[in-house]
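Okay, structure first, notes after.
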Amino acid sequence: MRVRDDRSAQGRGGSGSPRAQVHGTAGSQGRTCAAAAGGVTGEPTPIASRETHCHLVAGLRNARWDPPQWTSPKQQNGPTRGSATLLGYTAKAGSDTAALAQPPPPPPPRAPTSPGSVKVGAVPNRRLGSVRGVPVSSPPGRRARLSYPGTGRSSSEAREELRRRLMGLIEGNRVMIFSKSYCPHSARIKDLFSSLGVECNILELDQVDDGANVQEVLSEITNQRTVPNIFVNKVHMGGCDRTFQAHQSGLLQKLLQEDSAYEYDLIVIGGGSGGLACAQEAAILGKKVMVLDFVVPTPQGTSWGLGGTCVNVGCVPKKLMHQAALLGQALKDSRKFGWEYSHQVKHNWETMIEAIQNHIGSLNWGYRLSLREKAVTYVNSYGEFVEHHKIKATNRKGQETYYTAGKFVLATGQRPRYLGIPGDKEYCITSDDLFSLPYCPGKTLVVGASYVALECGGFLAGIGLDVTIMVRSVLLRGFDQEMAEKVASYMEQHGVKFLRKFVPVMVQQLEKGSPGKLKVVAKSTEGPETIEEIYNTVLLAIGRASCTRRIGLEKIGVKVNEKSGKIPVNDAEQTNVPYVYAVGDILEGKLELTPIAIQAGKLLARRLFAGSLEKCDYVNVPTTVFAPLEYGCCGLSEEKAIEVHKKENLEVYHTFFWPLEWTVAGRDNNTCYAKIICNKFDNDRVIGFHVLGPNAGEITQGFAAAMKCGLTKQQLDDTIGIHPTCGEVFTTLEITKSSGLDITQKGC
Ligand SMILES: Cc1cc2nc3c(=O)[nH]c(=O)nc-3n(C[C@H](O)[C@H](O)[C@H](O)COP(=O)(O)OP(=O)(O)OC[C@H]3O[C@@H](n4cnc5c(N)ncnc54)[C@H](O)[C@@H]3O)c2cc1C
Ligand SMILES: NC(=O)c1ccc[n+]([C@@H]2O[C@H](COP(=O)([O-])OP(=O)(O)OC[C@H]3O[C@@H](n4cnc5c(N)ncnc54)[C@H](OP(=O)(O)O)[C@@H]3O)[C@@H](O)[C@H]2O)c1
């Protein structure tokens, strides 16, 4: 592991060095804003160790400054416990930062620099607490906090966390200024950097909620109690006067020219939902960012553009094909509403594919444009670690290029699994192939019984194909099983066949073609029974494997769950190697959904580069299975709620409902279903929300926000419904499941 030295080890903090423990700041007591603030020696100090807050860098008086030295932690003479180095390798004894035990390799060659190329103010001032630059990460309209709100944390923990965040800001920004918006000295400093054409990040302490705490911790770190408090390339300059002196002596310019040891502040491997969100946010925060995205073609040769699974082979084409199927149903309904048409209506697969692929193409282009606009370097190459802080990028032609960065985010996502039976990779397709399949798949066997299987099987049946879904065990494992069975029951009534408790053991090609003919041999999971059937297409939807095995993680010691391939991270999405983070589908124990990957990526960038503390909240995440009759849910399934809270503590309210639009069309009554699970001993709080019906995704989204706010049954009852909608059913739920009363509906 490469560890960047704290500039104290050789000739400074080390033996015989003039290591300064700076105490007190001239005239600073009780002041909040002072021109003369700075170390008593008047010398800029690098922020290096939590134990040794300030290390003398060089004499301002003789205007000499030594470039930073590189050493291993062992070489450092400073204390080892909690020795925060400049890259945030906070190595606490006994922590899981095992890689710290190894001495770091020498630093990589420096990238060419273009100091001053970005001007102060170039980064949009999007958040409160920012004057120029992007110092804090509160969403617009919200006051920024750098420390945790004091819930359940000891003040020393909160303080330590705040110190860590401040160190992050200092280490993560070339120029970091702690100032106050009304302070004239701070204004002079901002003008100075502005005149030098240097981008700087500014935290206005009077505009953050916990500015006083920040100032206190800062004074512990620097022994300077006043603002402005200025850091350049991690070196503590001091206050206004000291910085102007450094400018006059040329030291400031010298410090500014010292480029980062790495070519990039951040390299993101994987340009999907999570990776792009993180890369773009980091770039907005003024960081030098690269994103690598490379699609390894499927065994059938399918490949696609920038944007990852969601855009190319996931949510987007899936929802559009779901819509194609819904339109078929709407066509049937339309006659009842007076539409007359004589010629036979049929679906054209090729037309649908072309339209959807055109849309996806425009999204791919949009992503590239957006990266360019934000000055994110996009490289269409496969990334893998070769050593600490260094990756190899291999492009389609096999050309290799090496890049270095201070921080890395893994966002490589997942790819469909194969069965490992004869004929699977040769003849079967997966969702990676389906959405751009150039021909109609015909009679299709879908293997699997979760999201992808039910959604794909559902829309294929919806456009008129003969579809069988082969279920190994249960439907929608992990979901509320009552709801899962209702989803399947609707599908069965609308032509989808379910083959339960079977798994394929062989796929054999009988005829080539587009589509050809495949013989599938399947075996019962409950006995010796074997069955055979002929299909045009076999779609495997048996889950997805994380792309973490061939990205050189073993070379830098990133832990991977051997069995699942998933990456364990802490609640800040940090792996066991402190400069490597991960977001999205590859995270162990997290949900595999686009909005989660995006949220985690964006918040991670803000924490890494803007001092934010906001973490991704993985609780009460709503989701929808876009089966022919959509199933939306948020919170706990009934099974899980019973497991966690015990049946006697719960009240379940439920009902069937008949969408008004279905009545005239003569569609099934008592099919759509609404259910909430309430915790009786927590004010009847809604802990599970389930809806099966048209537009379930849209309905669930709104109620998910209410659940985030702690929705109770009483609040639902107090909410006035919108009539006539499906969502209004949740405002009138009266029948409890435990009452056993009839929930069938006679009318609207
Ligand atoms: C059929 C289907 C339908 C779905 N529908 C929904 C839905 O309706 N709603 C929803 O919320 N979620 C849905 N999902 C899940 C959603 O697509 C994922 O959760 C989301 O895309 C995960 O984002 P990610 O950033 O983790 O990974 P991805 O979006 O998968 O991005 C990873 C990217 O990294 C690239 N990559 C991998 N390794 C490397 C490497 N070494 N070097 C360079 N690049 C690399 C990959 O090619 C890919 O482009 C669906 C998934 C599927 C398969
Ligand atoms: N609408 C959405 O938001 C949406 C849509 C699609 C995908 N996604 C995301 O994508 C992820 C992947 O979804 P997924 O449906 O591909 O996978 P999944 O949820 O992991 O389900 C895999 C399914 O395949 C079955 N299976 C596994 N191995 C099998 C085998 N060898 N033979 C036969 N069947 C086998 C499983 O059965 P068992 O239960 O017996 O193990 C299960 O039904 C999901 O977690 C989801 O978050 C989201």
Listed residues Gly168, Gly239, Gly272; which is closer than 30 Å to Cys547 by Cβ and not assigned by the TED database to the domain that holds Ala375?
Gly168
Would you confirm whether or not the range 249-265 contains a residue that is crowded, with 19+ Cβ neighbours inside 10 Å, at positive phi, out of contact with any Cys (no Cβ under 6 Å at 6 or more places or on another chain) and at pLDDT 95 or above?
no
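Residues checked against (1) hydrophobic (A, V, I, L, M, F, W, C); (2) outside any helix (DSSP H, G or I):
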{"site": "Glu220", "(1), (2)": "no, no"}
{"site": "Arg242", "(1), (2)": "no, no"}
{"site": "Ala246", "(1), (2)": "yes, no"}
{"site": "Ile267", "(1), (2)": "yes, yes"}
{"site": "Gly275", "(1), (2)": "no, no"}
{"site": "Gly286", "(1), (2)": "no, yes"}
{"site": "Gln300", "(1), (2)": "no, yes"}
Scanning the range 386-422 for residues that are among the small types (Gly, Ala, Ser) and out of contact with any strand residue (DSSP E or B) (no Cβ under 7 Å at 6 or more places or on another chain), the one farthest from ligand 2 (Cβ to nearest atom) turns out to be Gly398
Please find, among Asn201, Asn223, the residue that is modelled with pLDDT of 50 or more, at positive phi and buried (at least 20 other Cβ atoms within 10 Å of the Cβ).
Asn223
Does Leu518 satisfy being out of contact with any Leu (no Cβ under 6 Å at 6 or more places or on another chain), of a type outside the set (Val, Ile, Thr) and within 16 Å of ligand 1 (Cβ to nearest atom)?
no
Checking the structure you have, find out if any residue of the range 573-584 is of a type in the set (Val, Ile, Thr), without any contact (Cβ under 8 Å) to a residue 24 or more places away in the chain and away from ligand 2 (no atom under 16 Å from the Cβ).
no
Unmet criterion (only one of (1) surrounded by fewer than 16 Cβ atoms within 10 Å (Cβ to Cβ); (2) within 16 Å of ligand 1 (Cβ to nearest atom); (3) more than 20 Å from Gly420 (Cβ to Cβ)) for Glu526
(2)
Quick check: anything in the range 321-333 part of a loop (DSSP other than H, G, I, E, B), within 16 Å of ligand 1 (Cβ to nearest atom), open to solvent by less than 40 Å² (accessible area, probe 1.4 Å) and closer than 30 Å to Tyr439 by Cα?
no
Within the range 370-401, restricting to residues that are among the aliphatic types (A, V, I, L, M) and within 11 Å of Leu306 (Cα to Cα), the one that is most open to solvent (accessible area, probe 1.4 Å) is Val379
Out of all the residues in the range 305-330, which are out of contact with any Phe, Trp or Tyr (no Cβ under 7 Å at 6 or more places or on another chain), within 17 Å of Asn695 (Cα to Cα) and touching a residue at least 12 places away in the same chain (Cβ under 8 Å)?
Cys315, Val316, Leu320, Leu326, Gly328, Gln329
If Pro422 passes every condition in (1) open to solvent by less than 50 Å² (accessible area, probe 1.4 Å); (2) not in a strand (DSSP E or B) but one, which one does it miss?
(1)
It is to be established whether one or more residues within the range 538-557 are in a helix (DSSP H, G or I), of a type in the set (D, E, K, R) and in contact (Cβ under 8 Å) with a residue 12 or more places away in the chain.
yes
Take the range 596-618 and flag every residue that is open to solvent by 40 Å² or more (accessible area, probe 1.4 Å) and away from ligand 1 (no atom under 16 Å from the Cβ).
Glu614, Lys615
Quick check on my filter: what residues within the range 570-595 are open to solvent by 30 Å² or more (accessible area, probe 1.4 Å), within 16 Å of ligand 1 (Cβ to nearest atom) and either in a loop (DSSP other than H, G, I, E, B) or closer than 15 Å to Arg164 by Cβ (or both)?
Glu588, Gly589, Lys590, Leu591, Glu592, Leu593
Just name the residue that is surrounded by the fewest Cβ atoms within 10 Å (Cβ to Cβ) out of those in the range 619-661 that are away from ligand 2 (no atom under 16 Å from the Cβ) and assigned to a strand (DSSP E or B).
Glu651
So Ile542 clears everything in (1) open to solvent by less than 50 Å² (accessible area, probe 1.4 Å); (2) within 30 Å of Glu588 (Cβ to Cβ); (3) not polar (S, T, N, Q) except one condition, right? Which one?
(1)
Could you look through the range 462-509, keep only residues that are of a type in the set (Gly, Ala, Ser) and more than 16 Å from ligand 1 (Cβ to nearest atom), and pick out the one that is nearest to Val621 (Cα to Cα)?
Ala484
When you scan the range 688-697, do you find a residue that is open to solvent by 30 Å² or more (accessible area, probe 1.4 Å) and over 23 Å from Phe337 (Cβ atoms), even just one?
no
Check on Gly361, in a helix (DSSP H, G or I), more than 11 Å from ligand 1 (Cβ to nearest atom) and either of a type in the set (Phe, Trp, Tyr) or exposed (fewer than 15 other Cβ atoms within 10 Å of the Cβ) (or both)
yes
Using the structure shown, decide if Ala246 is of a type in the set (A, V, I, L, M, F, W, C), in contact with a helix residue (DSSP H, G or I) (Cβ under 9 Å, 6 or more places away or on another chain), buried (at least 24 other Cβ atoms within 10 Å of the Cβ) and at pLDDT 95 or above.
no
Subset of the range 340-357 (residues that are under 12 Å from Met321 (Cα atoms) and aromatic (Phe, Trp, Tyr)):
Trp349
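The values are calculated or read from the model by the stated rules, or taken from the named source; none is laboratory data. In this text, all values refer to a predicted model and were calculated from it rather than measured experimentally. Quick reminder, even Gly has a Cβ in these numbers, built from the backbone with ideal geometry, and neighbours come from all protein chains shown. To get the accessible areas, we keep the full protein, side chains included, count just its heavy atoms, and leave off ligands, DNA and RNA. Shrake-Rupley method; radii C 1.70, N 1.55, O 1.52, S 1.80 Å.
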